[in-house]
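The values are calculated or read from the model by the stated rules, or taken from the named source; none is laboratory data. On a predicted model such as this, the values are computed, not experimentally measured, just so you know. Because the Cβ atoms are built from the backbone with ideal geometry, glycine has one as well, and the counts that use them run over all protein chains shown.
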Amino acid sequence: MSKKNAILKAATALFASRGYRDAAMTEVAQMSGTAGANVFYHFKNKEELFLAVLQDVKEGLVRAFDDYFREKAFDTGMERVEGIIDFYLYLAGTHEEWFLLLHRHYLYRLAVENPVCRSHLEEIYRCLVDVFEQAIIIGQADGSIGSVSPRKVALIMLSMVDGIVRFKVNNLYHAGALYDELITCCRRMIENEIT
């Protein structure tokens, strides 16, 4: 792993667990096993490092879904929706730091004044909504999903799934305990009543 990637990995864990304000560049250096000067060689300040972490999370999410869809085949759009829910929950377990970071309030405050931050956030959520929307459109074409607004329902589904992830990453509730009900709710929301 390159020094820059080690710094990004350490910074992601630190920003996710401590938040932006309580994360120190010296801690990033210690956690990444590099000198403080190396951190500043790659990133001129904490905000630039934070934005690089956010970009790295965005690229990781996009890559993860691209790989998932390349490896997985679905017979129907409904199966694809269920697969997306499964995979989203899986990612939240394997990359908990991504979701902890995305749920940090500072990120949204920074997005108000920083167009780069806002752009990364918009791209992340656009990607996540798009995967649900495409599955709904596929399901409408194959008849497994009824007549719903794909974009609006995709937004609602993402909100539901991400809300459960929020419970999980903040140790408020075990997400697995809600899995069957989540799938049932999503299925009822989009199922084609004719089939």
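Data overview
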{"quantity": "Candidate set: the stretch 129-182, residues that are among the acidic types (Asp, Glu) and over 23 Å from Thr94 (Cα atoms); chosen: the one surrounded by the fewest Cβ atoms within 10 Å (Cβ to Cβ)", "calculated": "Asp142"}
{"quantity": "From the options Val81, Val53, residue that is surrounded by 17 or more Cβ atoms within 10 Å (Cβ to Cβ), more than 10 Å from the chain's Cα centre (by Cα) and under 17 Å from Ser159 (Cα atoms)", "calculated": "Val81"}
{"quantity": "Test result for Tyr20, among the aromatic types (Phe, Trp, Tyr) and either at pLDDT 90 or above or over 26 Å from the mean Cα position of the chain (by Cα) (or both)", "calculated": "no"}
{"quantity": "Every residue from the stretch 19-57 that is assigned to a helix (DSSP H, G or I) and in contact with a Phe, Trp or Tyr (Cβ under 8 Å, 6 or more places away or on another chain)", "calculated": "Met25, Lys46, Leu49, Phe50, Ala52, Val53, Val57"}
{"quantity": "Among the residues listed as Ala16, Ala11, the single one being part of a helix (DSSP H, G or I), aliphatic (A, V, I, L, M), touching a Leu at 6+ places or on another chain (Cβ under 7 Å) and under 30 Å from Ile156 (Cα atoms)", "calculated": "Ala16"}
{"quantity": "Positions within the stretch 61-78 being surrounded by 15 or more Cβ atoms within 10 Å (Cβ to Cβ) and in a helix (DSSP H, G or I), in sequence order", "calculated": "Leu61, Val62, Ala64, Phe65, Tyr68, Phe69, Gly77, Met78"}
{"quantity": "Tabulated pairs, the stretch 118-144, first more than 18 Å from Val53 (Cα to Cα) and touching a residue at least 24 places away in the same chain (Cβ under 8 Å), second among the aliphatic types (A, V, I, L, M) and in a loop (DSSP other than H, G, I, E, B), C-beta under 7 angstrom, 6+ apart or interchain", "calculated": "Ile136/Val148"}
{"quantity": "Any hit, the stretch 84-98, residues being closer than 15 Å to Phe167 by Cα, surrounded by 15 or more Cβ atoms within 10 Å (Cβ to Cβ) and charged (D, E, K, R)", "calculated": "yes"}
{"quantity": "Checking Glu122 against (1) surrounded by fewer than 19 Cβ atoms within 10 Å (Cβ to Cβ); (2) farther than 30 Å from Arg21 by Cα, the condition it does not meet", "calculated": "(2)"}
{"quantity": "Close pairs from the stretch 17-35: first closer than 13 Å to Lys4 by Cα, partner in a helix (DSSP H, G or I) and among the charged types (D, E, K, R), Cβ under 8 Å, at least 6 apart", "calculated": "Ser32/Lys3; Ser32/Lys9; Thr34/Lys3"}
